[in-house]
Amino acid sequence: MSEACGELRYTITAAHTRHWVDAALEREMQRDDALAERLGAVQQRAVTPMLVLLPVCGAGWLLIHRGATPETWITLALAALLLVPAWRFARPFAARLRRAMARQQADGAARGHPLSRALARLTLATRFKRLQGDYRVQFDAQGMQVSRVGQPPAALRWSDVVHVRETDAFLVVACAALHSRGQAYWIPKHSDAMDQEVYRQGMQGLLGHCRAAPATA
């Protein structure tokens with residue numbers, strides 16, 4: 001990158017990371033709840049087939065395993081004919097069993113949800129806490145360079161940008177490698193580390209470059 005034509009200095013604080021943890025936690029909980037609901041629905045739909053087909057299949061396997069005879073095939077044919085009434089007979093019992101399974105799953109989720117939520121929050125808080133610190137962004141017509149105290153700078157060319165998004169408080173920028181991992185540079189639109197007017201002007205310059213990047217998503 002050539003000599004920088006703009007600079008931003010800011011601090012990622014505990015308040016920032018708490019906000020990110022809350023948002024990420026809600027996404028994880030919603031994803032886990034949706035997965036549990038789908039698995040529960042599959043289990044409940046399988047109740048009736050299991051009640052009817054498993055005994056028949058087991059009996060058929062035993063008959064064939066002991067040696068196929070004409071009587072064996074007659075028995076299997078009669079068993080197949082009995083499947084329809086057996087299915088109808090099993091439906092009320094299966095419905096009660098599905099309701100019991102749904103209550104059990106709901107009770108289990110209610111008991112486990114606080115613990116899983118606490119563990120997920122702890123994991124996310126540990127991960128996001130590493131992002132806290134003082135940063136400096138330098139940018140020019142070719143790209144930007146993000147530096148953090150105690151770490152080597154990371155450079156991003158505008159031609160490599162594939163994701164640009166604005167929130168109320170942040171400008172979010174990522175190249176393909178970062179975006180594929182669900183990561184990005186989160187640059188605050190306001191900072192106490194610089195004069196507010198100087199920072200605002202610098203942010204406008206950075207926004208102009210990002211909005212003109214080749215690809216945004």
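Bear in mind these aren't lab numbers, they're just calculated from the coordinates by the rules spelled out. Note that the coordinates shown come from a computational prediction; the quantities given were computed from them, not determined experimentally. All Cβ positions, even for glycine, are placed from backbone atoms using ideal geometry, and neighbour counts span all protein chains on display.
Extension gain, residue 148 to residue 132, is 4.8 nm, computed as 0.36 nm per intervening residue step minus the present C-alpha separation.
Divided by 2.2 N^0.38 Å, where N counts the residues, the Cα radius of gyration of region 118-178 comes to 1.34.
Remark: region 115-217 carries a charge dipole of roughly 560 debye about the Cα centre, counting +1 on each Lys and Arg Cβ and -1 on each Asp and Glu Cβ.
Which length gain, in nm to one decimal place, applies between residue 177 and residue 117 when the Cα-Cα distance is subtracted from 0.36 nm times their residue separation? It would help to have the intermediate numbers written out before the result.
Working: separation 60, 0.36 × 60 = 21.60 nm, distance 2.92 nm.
Length gained, residue 177 through residue 117: 18.7 nm.
The calculated FRET efficiency for the pair residue 166 and residue 125, based on their C-beta separation and a Förster distance of 22 Å, comes to about 0.30.
Could you give the length gained on full extension between residue 141 and residue 212, defined as 0.36 nm per residue of separation minus the Cα-Cα distance, in nm?
Values: separation 71, 0.36 × 71 = 25.56 nm, distance 1.03 nm.
Extra length from residue 141 to residue 212 when fully extended: 24.5 nm.
Our Cα-only numbers for region 110-217 put the radius of gyration and Dmax at 16.3, 55 Å.
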